[in-house]
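A quick write-up on the structure given underneath.
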Amino acid sequence: MTRSAADRELWRLGASEVAARVRRGELSAVAVAEACLSRSERVEPAIRAYVDMESGQALERAAAIDRRVTAGDDPGPLAGVPVAIKDNLALAGRPLTCASAILEGYVAPESATAVTRLLDAGAVPIGRANLDELAMGSSTETSVFGATRNPWDPRRVPGGSSGGPAAAVASSGVPLALGSDSGGSVRQPAAFCGVVGLRPTWGRVSRRGLVAFASSLDQVGPLARSVRDVALCLQVIAGADPGDATSADRPVERFAEEVDRLRPNARGLRVGTLAELAGEELSSAARRDFRSALDRLATAGAEVVEVSVPAVRSALAAYAVLAAAEASSNLARFDGVRYGRRRGGAEAPGGPRSASDVIESSRSDGFGKEVTRRILLGTFALSAGYAESYYGRAQAVRSALGHQLAAAFERVDVIATPTAAGGAFPLGSRVDDPVTMYRSDLFTTPASLAGLPAVSVPSGLDDDGLPLGLQLIGPAFGEVALLRVARLFEGLTSFDRRPVPAGEVAA
């Protein structure tokens, strides 16, 4: 390939390589931004990953980074790396919609802490990525802007709720993206789109500036095409934040450097499997793929150990109750009075109406069907006479799950599960079947409830040629060891070196 041809395909580069070459002055941040913007614009009609692309701001920021390099300054560990940001993370001066009509016209007054840290590290945001409305969903079909499509097959969903960021990375429009994960919203779309997605330990990354869905579950997490790039992003965004009292005051390890210190093999590694999820609801292809993943680890020297965590059986139900209850509380402020687009006020036919009428009109017009469903479920679960029967029992399950998983980690180093029960499902096939849709998070909710770190790594393809993922769960604040195992597994699959599929999709 000639140099000019290589320059036109800068969008193929990973985040670590882009940053290293820009910092050394070997590569122009503007050239990388132009390549990724061109690639994104080419695939966007087929993928619809973005709520809005911001070409002008991206090129201005990239030019500023190039000037700093020329002046002998170091722009940071993500110098010149184009990123997509899920549109529930605030970026100062830009609209913040959460893909919901209720936030039409709202502009973020300041940036989320995780976004600020990306900017301080030299990253170049090129657009706000699509999501399920208010991060409630598993398919990115409930967005007011329309559904995002899977780069591997535009007739399929990309997963959710971080389907936009996952699709942007999978289609090579950007090498890195930020999403949020409450019950699996980074990991499940990562699996469906064939990329790496990490949910850090709850509290490892500040939630300040992330629009809350379920506060005790929400966590910002990165998506990329390699484990090392995910580790590099985590190294940038992790750490205590005075603006978020729930952020953990823990040292930030040099995750990217640590994952490079690979084991020569998996000898001494103990990989746990959950007896309660052995084959449950898995497609035949996903079952074969999971067994193959375990066999690869065992062949490399790992010991595979079955562990029992009985509370896992109730994790999905507990998650549904707790997440809905917290959503009901968090979304109470979106009423057309304090926050949110107002309907039924002085402009309504017949003149001003009561405050309760304004709130009812604003919410009825602003919230979609899935968000309304969860608000109603959560309000019921918290109502007098029912709170202990539902919310209280769900909290008891959560407590038991945490204790049982902690005991399991005394026997194993990581726990492995499929990320999802199968590959990406067809658009429209589950949008009117909420129970089936909720079950998409069967394998991801246990780590969320326990606040544990978990990563999805591409593991193979299903019978339709669509990606499948292996989920690895680690103990609290055990990201270094977890990412090392993920990097080891990544090397056993060679999945990240497959040709990019979206070039054919969008051609």
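The values are calculated or read from the model by the stated rules, or taken from the named source; none is laboratory data. Predicted model only: the values in this text are computed from it and were never measured. Cβ atoms come from the backbone with ideal geometry, glycine included; neighbour counts cover every protein chain shown.
From the list Gly76, Gly93, Gly72, which one is farther than 16 Å from Ala19 by Cα, outside any helix (DSSP H, G or I) and over 21 Å from the mean Cα position of the chain (by Cα)? Steps first, answer last, please.
Details: Gly76 fails: farther than 16 Å from Ala19 by Cα; Gly72 fails: farther than 16 Å from Ala19 by Cα.
The unique qualifying residue is Gly93.
Within segment 357-381, being over 23 Å from the mean Cα position of the chain (by Cα) and in contact (Cβ under 8 Å) with a residue 60 or more places away in the chain holds for Ser362, Arg363, Asp365, Gly366, Ala381. A residue that is under 20 Å from Leu316 (Cβ atoms), touching a Phe, Trp or Tyr at 6+ places or on another chain (Cβ under 7 Å) and assigned to a loop (DSSP other than H, G, I, E, B) cannot be found anywhere in segment 408-417.
Of note, Ile102 does not satisfy the criterion of being touching a residue at least 60 places away in the same chain (Cβ under 8 Å), within 19 Å of Arg61 (Cβ to Cβ) and among the β-branched types (Val, Ile, Thr).
From the list Phe380, Phe425, which one is aromatic (Phe, Trp, Tyr) and buried (at least 18 other Cβ atoms within 10 Å of the Cβ)? Please lay out each step first, then the result.
Details: Phe380 fails: buried (at least 18 other Cβ atoms within 10 Å of the Cβ).
Answer to the selection: Phe425.
Going by the conditions given, is Ser456 modelled with pLDDT of 95 or more, touching a Ser or Thr at 6+ places or on another chain (Cβ under 8 Å), assigned to a helix (DSSP H, G or I) and within 30 Å of Gly146 (Cα to Cα)? For Ser456, the condition - modelled with pLDDT of 95 or more, touching a Ser or Thr at 6+ places or on another chain (Cβ under 8 Å), assigned to a helix (DSSP H, G or I) and within 30 Å of Gly146 (Cα to Cα) - is not met. Hey, any hits in segment 261-279 for a residue that's under 29 Å from Leu96 (Cα atoms), assigned to a helix (DSSP H, G or I) and not polar (S, T, N, Q)? No, every residue in segment 261-279 fails to be under 29 Å from Leu96 (Cα atoms), assigned to a helix (DSSP H, G or I) and not polar (S, T, N, Q).
Looking only at residues of segment 26-64 that are crowded, with 24+ Cβ neighbours inside 10 Å and out of contact with any strand residue (DSSP E or B) (no Cβ under 7 Å at 6 or more places or on another chain), we find that the one that is farthest from Asn130 (Cα to Cα) is Arg39.
Looking at the structure I just gave you, is Ala293 closer than 20 Å to Thr419 by Cβ, assigned to a helix (DSSP H, G or I) and in contact with a helix residue (DSSP H, G or I) (Cβ under 9 Å, 6 or more places away or on another chain)?
Values: closer than 20 Å to Thr419 by Cβ: yes; assigned to a helix (DSSP H, G or I): yes; in contact with a helix residue (DSSP H, G or I) (Cβ under 9 Å, 6 or more places away or on another chain): yes.
In short, yes.
The residues on offer are Val435, Val431, and the sole one that is modelled with pLDDT under 95, in contact with an Asp or Glu (Cβ under 8 Å, 6 or more places away or on another chain) and within 16 Å of Ser139 (Cβ to Cβ) is Val431. Taking the numbered list (1) surrounded by fewer than 19 Cβ atoms within 10 Å (Cβ to Cβ); (2) without any contact (Cβ under 8 Å) to a residue 40 or more places away in the chain in turn, Pro310 passes all entries but (2).
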